[in-house]
Structures are given as C-alpha cells and as structure tokens.
Amino acid sequence: MRSIETSEELFEQAKALLLGGGQGHKRPGKVNGRYPVYAVRGKGASFWDADGNEYIDYLCAFGPMLVGYGNPVVDAAVKAQVDEGVIFNIHHPKELELARLLARLIPSCDMLSYFTGGSGATTGAVKIARAVTGRDRVLRCGYHGWHDWADPDGAGVPKVVGALTTAVRYDDLESLREALDSHPGEYAVFMLEAFQGQGPSEEYLAGVKELCASHGTLLCFDEVKSGFRFALGGYQEVAGVTPDLSTFGKALGNGYDVAMVVGKKEIMEQAANVWVAATFHGQLLGVAAALATIRLMEETDGVSIIWRQGKKLMDGLDEVMKAAGVDAHSTGQAPMPHLSFGEGLGELADAFYDETANRRIYFDPWHNWFISPAHTDEIIDYTLEASASAIRAALDRTARAQ
Ligand SMILES: Cc1ncc(COP(=O)(O)O)c(C=O)c1O
C-alpha cells in the first residue's frame, strides 16, 4: 500500500495557512480518505506525489493538461517566451497569430478577446452580452466558474445579483422555453455547457439556437471544459451548431493560463467599448503555450488519438466490470469519460477507487475524466489490468466488511 505520510503532514500544516489547504479547488479528502496528495512533478500522463508515488492521471489537472505534463514542444515555446519577455505594456504579434489560428479552427470565432481563467472568460461573455443586448438577466446551464452570476445562490453573493441568473435543465427545450417566456425580452444570454454527461440529444442544440434567436437572447457555448478535446473547433464543430459567442480556457495552453471569449463579428464589434481589460490579459506565456499546443494537436491529429484512446479505456472498463460481475459501466464520451456504479454500490465504488489509487491510477470518483494523447496504448493497457485487479480486491474488501 502506498504511503502518503508527507502529503498528510503538508496538508496539516497548510490548513492553518491556506483557505482549503492549498490553491483553488484541488479538493482534499477524496478517495476513501486516502488523499490528499501533494504533487511535486509531472511527465506525460503521470504525476508524482510528495511521497514519491507515481499516478497515471485521468483528471489532467481538471482539464488543462491536453498534450501531457512537461510536453517538450509546449515547454520549449514557453521557455523561449520567457527569454524574450513575459509581458509588455503594448501588444505582441503572437496575440494576432493565435487569433488567426483559432479563427480558422473554431466555427463561432470571427473575433476574440483574451482573458485569464475560465471564470474570467465566462464573465467576460456575460458582460459583452449584457452590453450588446441592453438586458440584465442571464440563463445558465452547467458549471461556469466562481464569479457571482455563475454561483447565484452561493455564500457571499448579493441577492440582487444572484436574482438575475436563472438555471435551466440540460437537454430540455421546455425548461428553456419556460424560462425565456417567464421574462420576455429580458435575457441577455444563455450560457450553455453544450456537452454535459452523455452529450445532448440530436435536436437539442439546434432547438436551443432557434429558441434563443426568437427571443433576441444571445447563445454562448461555454467550451472551457470541452474545448480542443472533442475537436479543435470545440464541441460546436462536432454538433454542427454555431453559437453567437463561445468561451474557451483550460486545455488551450496545456496548463499555462490563457482563456478567451470568441464570437461572431457583428456581436464582438458592438462590444468594442466594453471594459474587459486586465493587467494579465497581456501575459504571453499562455499565448505562446496555446500556439504550440494547438499546432501540435493539429500536426499530430491529437483529437483522433484522444477519441481512440478514450474509447479503448471505456470499452476496456466495461469488459473489466462485466467479467467481475459488477453493475458498473462507462459513461460520457471518449474525450471525457467516467465510470458509473449501479444503485447501492457506493461502498464498492469507494473501495475500487482506493484500490486503483494503490495501483498508481488517479481516477476521480466524481468529476469526469479527461483523455490526452499522452495516454498511450501501454498506459491504457496497464490501467485496464490494474482496474481488473482493483475491482477484485474491492469485492473482497466489501465482502469481508459484511
Ligand atoms: C465549463 C466550465 N466553464 C467555466 C469554468 C471556470 O473555469 P476556471 O476554473 O478556469 O475559472 C469551468 C471550470 O471547471 C468549466 O468547466
């Protein structure tokens, strides 16, 4: 069994100094209490924790890791940028170079605006939509970050602000229609995570587009999570539905912070006077990283590799669970899969995730996983062997506990 003593000690000390024990939402206490894990280094599809344990990572830092940790191509581009200068008080040609590349790839991208972090981009899209439509209300469906409009019932959010956001159900046109009809002419934008769970049913996204257009509400696909994984043009390319605006972040810079709002020319041009500028929107490491990442994905057809490897993992896990006689199956789609255990199998699932972690696999029990081209055949084969042995061990553990 792996030791995580150093991690545990670090976490005890960090709790007194850091809100949540560390940066952001890297939740501790997962997987049967056998985390937290402090990561100290990564390479390819793996990272190593503070106790020297290696994990094959299927969470990919919650999505940014698109072409693997320490990718030599991306990191060389970033190092070159470090040598040339990280930020200036005037524009840099690479901002234009990346914009050209993305405008060629993303259907809804005629123009774009840079941000830091996915939350910055989604809030930027909301501000642009409010300015362009002259409306205050916002519809949302999915997770869009931590800012007030996106967390309307959260602690610390003024009620007057939260009241302007309405959530609608995914893949449910009636839910959207009802919301739009309840405040006719008042919704600026529908912020929609176009891919969730298993994905939308056939007609949903086209129906959403039509409904929004008929109410004068802009449609923004929040592709912060799905972007560059399903297709280089985003999930909108796969779905064949082009929204008015879209947001991207996470995978774009393979771990370096870069995010953006992209949109149709007629909308973006109207937003020219909206104040969405910040000091670090001019930071170049993310831009250099994004150029290298997306070019590498294009040159190597990284998206096809993601689909192939994700399918191999999903099919393999289904076989493993079937052979073990366990009611669990793969869910999601190949670029963002997960594993779903049947009713009443919570304890078995906990034991399985603990056992896979003991076998160097970092599956997140709650969050969808991400597949990268760094998940090679060898790595997936090992993952499946380890999963077969982990589910047998988990079955033994739960049988003994009864
Ligand atoms: C779909 C979506 N939108 C927005 C965000 C917020 O991005 P960030 O956490 O980079 O602020 C996330 C983060 O998980 C996300 O998944």
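The values are calculated or read from the model by the stated rules, or taken from the named source; none is laboratory data. Predicted model only: the values in this text are computed from it and were never measured. Positions of Cβ are generated from backbone atoms using ideal geometry, with glycine treated the same way; all protein chains shown enter the neighbour counts. The protein model used for the area step is the full one, side chains on, heavy atoms only, and it has no ligands, DNA or RNA in it. Shrake-Rupley method; radii C 1.70, N 1.55, O 1.52, S 1.80 Å.
At a glance:
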quantity	calculated
Criterion (open to solvent by less than 10 Å² (accessible area, probe 1.4 Å), away from the ligand (no atom under 15 Å from the Cβ) and in contact (Cβ under 8 Å) with a residue 12 or more places away in the chain) met by exactly one of Gly234, Gly227, Gly263, Gly249	Gly263
Residue match in segment 225-236 (condition: in contact with a Phe, Trp or Tyr (Cβ under 7 Å, 6 or more places away or on another chain), assigned by TED's automatic domain parsing to the domain that holds Val78 and aliphatic (A, V, I, L, M))	no
Filtered residues of segment 69-89 (kept if touching a helix residue (DSSP H, G or I) at 6+ places or on another chain (Cβ under 9 Å) and either among the small types (Gly, Ala, Ser) or within 16 Å of the ligand (Cβ to nearest atom) (or both))	Ala76, Ala77, Ala80
Options Asp244, Asp301; residue that is surrounded by fewer than 22 Cβ atoms within 10 Å (Cβ to Cβ) and under 22 Å from the mean Cα position of the chain (by Cα)	Asp301
Residues satisfying the stated conditions in segment 132-145, i.e. surrounded by fewer than 17 Cβ atoms within 10 Å (Cβ to Cβ) and within 14 Å of the ligand (Cβ to nearest atom)	Tyr143
Residues satisfying the stated conditions in segment 356-377, i.e. of a type in the set (S, T, N, Q) and either buried (at least 22 other Cβ atoms within 10 Å of the Cβ) or closer than 24 Å to Gly52 by Cβ (or both)	Thr356, Asn358, Ser372, Thr376
Selection within segment 208-224 - within 12 Å of the ligand (Cβ to nearest atom) and either farther than 18 Å from Tyr143 by Cα or not in a loop (DSSP other than H, G, I, E, B) (or both)	Cys220, Phe221, Asp222
Selection count where residues are open to solvent by 40 Å² or more (accessible area, probe 1.4 Å) and either closer than 30 Å to Arg360 by Cβ or of a type in the set (A, V, I, L, M) (or both), scope segment 70-97	10
Filter pass, Gly63 being surrounded by 14 or more Cβ atoms within 10 Å (Cβ to Cβ), of a type outside the set (A, V, I, L, M, F, W, C) and modelled with pLDDT of 95 or more	yes
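Conditions (1) within 24 Å of the chain's Cα centre (by Cα); (2) part of a helix (DSSP H, G or I), marked per residue:
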site	(1), (2)
Tyr353	yes, yes
Thr356	yes, yes
Asn368	yes, no
Ile371	yes, no
Ile380	yes, yes
Ala386	no, yes
Ile391	no, yes
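Condition check ((1) hydroxyl-bearing (Ser, Thr, Tyr); (2) more than 18 Å from Ala271 (Cβ to Cβ); (3) within 16 Å of the ligand (Cβ to nearest atom)) across all residues:
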{"residue": "Asp148", "(1), (2), (3)": "no, yes, yes"}
{"residue": "Pro152", "(1), (2), (3)": "no, yes, yes"}
{"residue": "Lys159", "(1), (2), (3)": "no, yes, no"}
{"residue": "Gly162", "(1), (2), (3)": "no, yes, no"}
{"residue": "Ser175", "(1), (2), (3)": "yes, yes, no"}
{"residue": "Glu193", "(1), (2), (3)": "no, yes, yes"}
{"residue": "Ala206", "(1), (2), (3)": "no, yes, no"}
